[in-house]
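Written out below as structure tokens is the structure these notes cover.
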Amino acid sequence: MSEKNIVTNRKARRDYEIIETREVGISLLGTEVKSLRAGKVNLADCYAAIENGEVFLYNLHISQYEQSARENHEPTRKRRLLLHKKEIRKLFGATMEKGFTLIPLRIYFKGPYVKIELATARGRKKYDKRDAIAKKEADRAIERAHRRQMK
């Protein structure tokens, strides 16, 4: 099946140390899917949490569908993620450790289905973020020098 990327959480890899990722489904309304196809979604402050044995996604902003008459959705409602009980137990164990959280990295279509790449992550400190940025810039400089040498 082909994947069509809708939105990527670009700040996540800078602000968090990604431990593990997994593909999960999401339960959506019809108008939400139509808004996703139009690209009207924001992952900025989005996170997932386990509540009563289910995993929910909070603060995912999917704009209302303009062509809908009256059956529109609330833009930031909590949305249920579709996982097996075994996977939920594994995530619950991982998030009980200090400093771990569940964050979505990207939302994409896989065939007719909307999927989310969910990551178990640990928040980085300010100095860790600076180190990551410095390392990335150094790698870019090395790559640039290598390309110039190849010409």
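No value in this document is a laboratory result; all are computed from the given coordinates. Computed from a prediction, not measured in an experiment: that's the story for all the values here. Every residue, glycine among them, receives a Cβ derived from its backbone with ideal geometry; neighbour counts consider all protein chains shown.
Of everything listed in (1) exposed (fewer than 14 other Cβ atoms within 10 Å of the Cβ); (2) touching a residue at least 40 places away in the same chain (Cβ under 8 Å); (3) more than 26 Å from Ile133 (Cβ to Cβ), the single unmet condition for Gly39 is (2). Screening Ser35 with (1) within 19 Å of Ala121 (Cα to Cα); (2) among the polar types (S, T, N, Q); (3) part of a helix (DSSP H, G or I) gives one miss only, at (1).
Selection of segment 1-32 for residues being touching a strand residue (DSSP E or B) at 6+ places or on another chain (Cβ under 6 Å), outside any helix (DSSP H, G or I) and of a type in the set (Gly, Ala, Ser) yields Gly25, Ser27. Taking segment 7-38 as the range and being of a type in the set (Val, Ile, Thr) and either farther than 30 Å from Ser68 by Cα or more than 14 Å from the chain's Cα centre (by Cα) (or both) as the test, the residues that pass are Ile18, Ile19, Thr21, Thr31, Val33.
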